[in-house]
Amino acid sequence: MNGSAGSVGPMRVLVTGGSGLVGRAIEHVIKEESGAREEETWIFLSSKDANLMSAEETRAVFQKHRPTHVIHLAAMVGGLFRNMRQNLDFWRNNVFINDNVLQAAHEFDVVKVVSCLSTCIFPDKTTYPIDETMIHSGPPHETNFGYAYAKRMIDVQNRALFQQYGRRYTAVIPTNVFGPHDNFNIENGHVLPGLIHKTYLAKKEGKPLQVWGSGRALRQFIYSLDLARLFLWVLREYDEVEPIILSVGEEDEVSIKFAADAVVEALGFEGDVIFDTSKADGQFKKTASNAKLRKYLPDFEFTPFRAAIKETCDWFVANYDSARK
Amino acid sequence: MIKSLSVLWIYTITMDGSVGPMRVLVTGGSGLVGRAIERVVKEEGGGREGETWIFLSSKETNLVSAEETRAAFERHRPTHVIHLAAMVGGLYRNMRQNLDFWRNNVHINDNVLHTSQEFGVVKVVSCLSTCVFPDKTTYPIDETVMHSGPPHESNYGYAYAKRMIDVHNRALFQQYGLKYTAVIPTNMFGPHDNYNIEDGHVMPGLIHKTYLAKKEGKPLQVWGSGRALRQFIYSLDLARLFLWVLREYDEVEPIILSVGEEDELTVKEAVDAVVEGFGFEGDVIYDTSKSDGQIKKTANNAKLRKYLPDFKFTPFKQAVKETCDWFAANYDSARK
């Protein structure tokens, strides 16, 4: 697959959710790592540009930019505790966003859409490691079923677009993503950005670091820049409709405590670390198999975890005032 | 009989605290189940004094449109909703148009459920189907296994859209405490069905084909092997149960409405009943090159029986005869 889009000329790639964690990483790879090819146009959309929950605004965006390809990252996201309280909003808003983007793409004859799922949408009761064939094999975890089903339905819609129209829209399934430009809000954020922000404050205020949960929950983390590089490969080369898990291997799964230790080390925090076991751990384990990725890209090298954490912490310290929190 | 109760006005407390009589909006009101509910409400004392029943059809309102849905709710101000409207199609059309079945039904369902919530509707009873259950599963299936695996490949668009009604109901309950629920009928049949042979479901398709075969003196061609197994529920029985669910059933988890396992039949047995219902005497040919769809999807009606141990279903042959008689008498105006 080269960079052209049939008869319509060079690739014009629209990235929804372009100002988020993954969107910024893709932008970084495109602009500073020669991720883009000559004559390609890359448009990074944010919610300021268009409210994708509106079909009209979505269509207007497609009308304006006429993309040939779409990387669809935009979503209502929230972390464990907000999801538990607002399943309806997470369900509805994400279904609207996804339907609007996929349907507009279809109507505007977009060649390929790569959407973004998550391992948190997989069945709760399952064998491990999970793989791409198991997304729909049972109900998701109760804590975020609204968000989970909305994401799963992207895959349903992709398959239906292929069955009815031959469209090869697809999706990736990252594990826990982290990096610069994340949402570091402690209430609503995800585990790593939440930890980074809390450790920063604990150090600044000379207080203990309070970690929610027991610290024993296990996760595979993927650095946003690695994810971005893989996203570009999926956009250009990956030809299946079935989604693909993008993750470090099973052997690199770590506990929350391990991740907390890496953050503490990166920020040079020297106070006490307390695990608040009255707070939920979320899913205890959700090991994903990256065998499919490794079949395609046996030599892809992920950034070492501690290095990625250090880069992210350094970025957060340098950009504290403007960081989303 | 409890005569004094017949003069009681049935009041309902709406979400904003105001008290008034029940106003029930039935979406898909002109369809198979809607017409059966209408008959039970108007001719069998199914409705109670002071209640208003509004039967909405697609001619009046396109529920795929959020604006039109809201306009209908503004106009009718329901306190309760029986949500039957859907894009439906039978095996062959589903196989070709999964995207349309997925999208249109998601829009219809979201519009009805969301608008109901906005208008303070006390209760919505939606209509699922056993065809949305997991394809690979143990039998009999029950209410707890609906999301336990992917649906059959032939109609996953429709199936997922219906399943998401249950997801939406649970989310409404989790976030707002609303007790919207759903029923899960098995294969329905009766008067006022869609008898289109290409698009229709097995029973109405058979009825139409047998009628024509008899009229034209030709053999009856049945698609599939005849070996697929189904539980059939007569639309009038379903309607009576729908009213019970609307008034009495208090769970958010859906409930299967079906005859029991012991009354499961092969498609061939259904064919024989239709042939008998019309007095058809020609040949019956099974075209095994056509798909059977799911071979078996036995549903467990234990939950229903726990609540209503004495409910009596209309005997199958009698229900088929009534439906055939209706079809013959109404051939010209029947949907086909």
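A few points about this structure:
- Subset of the stretch B:300-334 (residues that are within 26 Å of residue B:92 (Cα to Cα) and touching a Leu at 6+ places or on another chain (Cβ under 9 Å)): B:316, B:319
- Subset of the stretch B:131-153 (residues that are within 12 Å of chain A (Cβ to nearest Cβ), part of a helix (DSSP H, G or I) and in contact with a strand residue (DSSP E or B) (Cβ under 9 Å, 6 or more places away or on another chain)): B:145
- Pairs meeting the criteria (first residue in the stretch B:255-271 and surrounded by 20 or more Cβ atoms within 10 Å (Cβ to Cβ), second residue among the basic types (Lys, Arg), beta carbons under 9 Å, at least 6 apart or on different chains) are B:255/B:303; B:256/B:303; B:264/B:230; B:264/B:296; B:267/B:227; B:267/B:230; B:270/B:230.
- Looking only at the stretch A:30-48, and only at residues there that are in a loop (DSSP other than H, G, I, E, B) and not small (Gly, Ala, Ser), the one that is least open to solvent (accessible area, probe 1.4 Å): A:45
- Qualifying residue in the stretch B:77-85 (condition: closer than 22 Å to residue B:291 by Cβ and assigned to a loop (DSSP other than H, G, I, E, B)): no
- Verdict on residue A:156 being closer than 30 Å to residue A:104 by Cβ, in a helix (DSSP H, G or I) and open to solvent by less than 20 Å² (accessible area, probe 1.4 Å): yes
- Scanning the stretch B:159-180 for residues that are more than 11 Å from chain A (Cβ to nearest Cβ), out of contact with any strand residue (DSSP E or B) (no Cβ under 6 Å at 6 or more places or on another chain) and either open to solvent by less than 10 Å² (accessible area, probe 1.4 Å) or not in a loop (DSSP other than H, G, I, E, B) (or both) returns a single hit, B:162.
- On the stretch given as the stretch A:63-112, residues that are open to solvent by less than 20 Å² (accessible area, probe 1.4 Å) and more than 14 Å from chain B (Cβ to nearest Cβ) total 10.
- Checked against the criterion of being open to solvent by less than 30 Å² (accessible area, probe 1.4 Å), touching a residue at least 12 places away in the same chain (Cβ under 8 Å) and of a type in the set (A, V, I, L, M), the stretch B:279-293 has no qualifying residue.
- Qualifying residues in the stretch B:182-200 (those that are more than 14 Å from the chain's Cα centre (by Cα) and not acidic (Asp, Glu)) - the one nearest to the other protein chains (Cβ to nearest Cβ): B:196
- From B:82, B:37, residue being hydrophobic (A, V, I, L, M, F, W, C) and within 18 Å of residue B:190 (Cα to Cα): B:37
The values are calculated or read from the model by the stated rules, or taken from the named source; none is laboratory data. The shown structure was predicted, so the numbers you read here are calculated from the model rather than taken from an experiment. Neighbour counts run over all protein chains shown; Cβ positions are idealised from the backbone, glycine included. Only protein heavy atoms, including side chains, enter the accessible area calculation; ligands, DNA and RNA are left aside. Shrake-Rupley method; radii C 1.70, N 1.55, O 1.52, S 1.80 Å.
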